[in-house]
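Heads up: the structure comes next, in structure tokens.
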Amino acid sequence: MAKTPTAQKLDEIQASLALLLKPLGFKKGGRTFRRSFEPGVVQLINLQMSQWGGRFTVNLSVFIEEAFTAYFSQPAPKTIPEYAGQIATRLGHLLGRGDFWWELDETFTIILDDLTPALMQNGIDFLDQFKTRDAIIASHISAADCRHHDLSKSKFIHHRARLDVAIILAKRGEMDEATRLFKEHLALTSTTKASQLENICTLAQNLGLGDLKT
């Protein structure tokens, strides 16, 4: 099936971005660019076309293998999809534009003149906070808390940040700190449904953290 003119234009935009992202270690697959600085941590940039066509948005995420495995009780997929990331936002939120979509009826030059500096500065700066597990431990919780208090800047709310970090720590054998973060998460989400609370407690037990209810 022949591609639509808007899909062809997005192909051209992606090809232009690829020239800039390849030197930074990104590899293109489908509509997604991926890079990794250590096994099991994958950074993703995804160009998402609207289901109605005519516009697209840019998704950014970071996949943490042990967190995915702990949450879903299954191994990581061979090719990581953007939506599987534990740390996620859209480029528009980082720009203070909310859920922003670029219109494909604009000229190629107008789109790239706006998109390229935004991605290469704001987008890459965001991902650079989370290159490794050590960086995620250092930055994930504070970054999530900051954006939770300023929803105009990002949908990157993820109150699960403490759980993501706790899982990394538990896999490293740092059980006391992992347990503390689980309990802190529960204290901050006191309105959690009983079924969700039970899932969190089960997750802690599966990680060897014991019974959080005691």
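Straight Cα distances below 17 angstrom link LYS193 to the lysines LYS183, LYS213, with same-chain residues fewer than 8 positions distant left out. Here the simple spin-label model places points 7 Å from the Cα toward Cβ, and for THR116 and SER73 these points are separated by 4.9 nm. Within the range 12-101, the trypsin sites (Lys or Arg not before Pro) that combine a DSSP coil assignment with at most 12 other C-beta atoms in a 10 angstrom radius are LYS78.
Averaging 1/r over every pair of different alpha carbons in the range 159-214 and inverting the result gives a Kirkwood radius of 11.0 Å. Shown in residue order for the range 2-18 are the 3J(HN,Hα) couplings computed by the Karplus curve 6.51 cos²θ - 1.76 cosθ + 1.60 at θ = phi - 60°: 5, 6, 6, x, 5, 5, 5, 5, 5, 4, 5, 5, 5, 4, 5, 5, 4 Hz (x for Gly and Pro). Under the criterion of Cα pairs below 8 Å and six or more residues apart, the relative contact order for the range 5-157 equals 20 percent.
With R₀ fixed at 35 Å, the C-beta to C-beta distance from GLN196 to PHE37 puts the FRET efficiency at about 0.60. Given in Å, the Rg to one decimal and the Dmax to the nearest whole number for the Cα atoms of the range 14-152 are 15.1, 45. Backbone phi angles across the range 31-36, fed through the Karplus curve with coefficients 6.51, -1.76 and 1.60 (θ = phi - 60°), yield HN-Hα couplings of 8, 10, 9, 10, 8, 9 Hz in residue order; Gly and Pro are listed as x. Looking at the range 6-100, the chymotrypsin sites (Phe, Trp or Tyr not before Pro) that sit in a DSSP loop and have at most 13 other Cβ atoms within 10 Å of their own Cβ are TRP52.
Bear in mind these aren't lab numbers, they're just calculated from the coordinates by the rules spelled out. Because the structure is predicted, anything quoted here is derived from the model rather than measured. No Cβ is skipped: glycine too gets one built from the backbone with ideal geometry, and neighbour counts run over all protein chains shown.
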